[in-house]
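Readers should treat all values here as calculations from the given coordinates under stated rules, not as data from a laboratory. Quick caveat, the model's predicted, so the values are computed rather than measured. With ideal geometry, Cβ positions are generated from the backbone for all residues, glycine too; neighbour counts draw on all protein chains shown.
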Amino acid sequence: MRTIHIAASREYDVVIGRGLLRDLGARAKDVLRGRSVAVVSDSNVAPLYMDAALESLYAAGFTAERFVFPAGEASKCGSTYLALLNFLAEKKLTRADALIALGGGVVGDLTGFAAATYLRGVDFIQIPTTLLACVDSSVGGKTAIDLPAGKNLAGAFYQPNLVLCDLDALDTLPPEIFADGCAEVIKYGMLGSAELLDRLRERHAREQLEYVVSKCVEMKRDVVEGDEFDTGRRQLLNLGHTFAHAIEASSDYTIPHGRAVAMGMRLITRAAVAKKLCPEECLRALEKLLTAHGLPIRTECSAETLAALALSDKKRKGGTITLVVPARYGESELRTVPVGELIDWAKEGLKA
Ligand code: GLY
């Protein structure tokens, strides 16, 4: 078991290990003020883990409500968010009470945003049940819902009180959901760790889960502690994401985030090679790693669609947009480019 402490505007631990769901009640008691909670989950995860979570909470003396919504990115929207807030109000949760997010990135982002805004902010615990949520979305306090105009366009920076990454939940993930998380893991290697890339080339992420999750969370801690509110280095965590969000939006969110990140990373790396900003070996290593982890490397989207959709991305500031561009094996850089150049990056990135 590993505990990684995050010293952000709120300090908290990320605990990584096995069998952690059984200890939820006891650990929640240590970090929460009240003894009433609402456990929020989706229709895929609730049948697997809700009873175990509630049992542990009851045994520790909590009263707990459950709120379950249909699984899928389409639920990360204003209507589910309002339904959750209304549920909390109907159940009369107070400022001393807390929310517990039990699920993947959609559950964590939506629950976190509700926690940030219900009664102007209540405590919350993240229990990520996918690899993607363990290594990225549950840590660092980004919470959000999607708007019709784009992904994560309404949200708040709001740190949790505790993150419990129970690796047992990852053993039973369907291969394609596990692969989605591998895209974010490979992203961490590409943006700042040749060691992580080397380890992934030797062995599949599934065979070294504790190392992989701990390494990514440590890297995320270092970035978040230096730039919690995403004005500088934290943007490195968006490697591949500008075009990934465009790919997701163009598919009406039927292409999952991880797959889109894989395509987006390959695209930006290919463009960087064409612009002589990154060596070709880096692109070839990335392609091999993505393929070995069951991820796609090409998108069907046109350059025009990618550039147009990328313009509604949060990373746009007036006439410029900051791209994360691989520079070497295990190292990426931020580059601010005029939005008019996006189409050229997309065209270069789509080449074979
Ligand atoms: N997922 C990117 C970040 O937390 O900044």
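General remarks:
- Put simply, the amide H of A38, placed in the peptide plane, has neighbours under 5 Å in E65, A98, L99, I100, leaving out anything fewer than 5 places away on its chain.
- Nearest-20 debye value, the range 56-130 charge dipole, Cβ charges on Lys, Arg, Asp, Glu: 140
- Qualifying lysines (Cα of each under 24 Å from Cα of K215; at least 8 residues distant if same chain): K142, K187, K288
- In the range 37-100, the DSSP beta bridges split such that about 0 percent are antiparallel, to the nearest 5.
- Helix 257-274 axis versus longest C-alpha principal axis of the chain: approximately 30°, rounded to the nearest ten.
- Local electrostatic count at D97 - Lys and Arg +1, Asp and Glu -1, tallied over other residues with Cβ under 11 Å: +3
- Contour excess over end-to-end distance, with Cα ends at A59 and E176 and 0.36 nm allotted per residue: 38.6 nm
- Each DSSP beta bridge with both residues in the chain is either parallel or antiparallel, and the antiparallel ones are about 45%.
- Among the trypsin sites (Lys or Arg not before Pro) found in the range 44-111, those both in a DSSP coil and sparsely packed, with 15 or fewer other Cβ atoms within 10 Å of their Cβ, are K91, K92, R95.
- Compared with the dominant principal axis of the Cα atoms in the chain, helix 209-226 is inclined by about 80°.
- Taking the charge dipole of the range 140-235 about its Cα centre, with +1 at Lys and Arg Cβ atoms and -1 at Asp and Glu Cβ atoms, the residue from G140, C165, M190 reaching farthest to the positive side is M190.
- Cα centroid separation, the range 1-73 to the range 80-144 (Å): 11
- Converting phi to 3J(HN,Hα) with the Karplus coefficients 6.51, -1.76 and 1.60 and the offset θ = phi - 60°, the range 22-30 yields 4, 8, 3, x, 5, 6, 4, 4, 5 Hz in sequence order, with x at every glycine or proline.
- Crossing angle, helix 46-59 versus the chain [Cα axis fit, 0-90 degrees, rounded to tens]: 40
- Nearest-20 debye value, the chain charge dipole, Cβ charges on Lys, Arg, Asp, Glu: 520
- In a fully extended conformation the segment linking R10 and Y329 would gain 111.5 nm over its present Cα-Cα distance, using 0.36 nm per residue.
- Counting only cysteine Cβ atoms and a cutoff under 4.7 Å, the chain contains unmatched residues C77, C182, C216, C278, C282, C301.
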